[in-house]
1. Within segment 196-280, report the GluC sites (Glu not before Pro) that DSSP leaves as loop and that have at most 12 other Cβ atoms within 10 Å.
2. For segment 120-251, what mean projected area does the convex hull of the alpha carbons give, in nm²?
3. Tell me which residues come under 5 Å, amide H to amide H, from His270 once H is placed; ignore anything under 5 positions away on its chain.
4. How long, wide and thick is segment 194-283, going by the Cα atoms along their three principal axes, in whole angstroms, largest first?
5. Please calculate how many Å² of accessible area segment 68-193 carries per residue, with a 1.4 Å probe and no DNA, RNA or ligand atoms counted.
6. Run the 1.4 Å probe and let me know the accessible area of Trp120, rounded to the nearest 10 Å².
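The values are calculated or read from the model by the stated rules, or taken from the named source; none is laboratory data. Note that the coordinates shown come from a computational prediction; the quantities given were computed from them, not determined experimentally. For neighbour counting, all protein chains shown are included, and Cβ atoms are generated from backbone atoms with ideal geometry for every residue, glycine included. Only protein heavy atoms, including side chains, enter the accessible area calculation; ligands, DNA and RNA are left aside. Shrake-Rupley method; radii C 1.70, N 1.55, O 1.52, S 1.80 Å.
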Amino acid sequence: MGLRSAHRPRNVRHRLCLREVMRVFPVAGPQQIVPRRRTSSTELHWISRAGDSVSGELGPHDWAVIGRELGDRDWATTDPLPVRKSKGVRNLFTPSLYFWQPTRTHVWCESQEERWEVLWLEFSGQVERLWAQPVAITFGHGSRLSGSWHVPDLLALFTDGSYGLLDVRYAEGVDDRARVQFAETAAACDALGWRYRVLTGHGKRATGNLDSLSASRHDRCRPSHELEALILNAARGGRRRGDLCRIASPDCPPLACAWVDNLAWRRLLHVDLAGVFSSETVYTTTEAAMEVTAA
């Protein structure tokens, strides 16, 4: 047995060495806030980013009673930091930073479910900016959650200038306790004049296809104005992805795949995300894109 254990296969020894060397560290974040647990009014707590974002210094822990005046505040200037520290690996998923293309910043995602929902939010084109776990709501007297507090998953700045809090919880994970929490959070958002929504997930295939499209969302994949017009005109009435690539780049069709997918990501081409992606997938120019090309 001693000889057999001493002469393990090379791949097994390699994995054991990696296990000894590798360490999983949590995503760096600010210290956890300590809200006032017993309050007569429902309050909002946050940590502002210090003026110098490069230094990583934290601003003060601020709080205020929830009301419309607080909701009308310029939260983009406040730029709140996460109010909770990462717990490291949870459910076999390490918290990650999602690159938010509209502002070229990163959004911290605590779970894979949050990452998928952030992906869908960017694709929607309705959200300008996101902050992860930016505030804590402490529920006051009169609330069913009096003495408790809740940290919503996301704060969104929508393209129309309004704000909203978002929680990520897949439908099968919403129980009676969660429903009460969501209802009280919705009431707090109503007092702030904000939106509130619980994101319950999308189909696995649609999410996987959208994740594939997202590889072409970057500016480097954006076609020239001439090529964009060519592809959109060719896709009127519907055209297979492979055909569009050959039309855009006859000498090297694979080169045009990123251009075609970029137009789909920007919602100028419609594609059935619930279907199987291949060269036979049909892309169709949207009405909005037709109006732009006609102008």
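1. Hits after loop and neighbour filter: Glu280.
2. Working: hull surface 44.8 nm².
For segment 120-251, averaging the hull's shadow over all directions gives 11.2 nm².
3. Amide H neighbours of His270: Thr284, Thr285, Thr286.
4. Over segment 194-283, Cα extents along the principal axes are 47, 28, 23 Å.
5. Heavy-atom accessible area per residue stands at 45 Å².
6. Probe radius 1.4 Å; accessible area of Trp120 about 40 Å².
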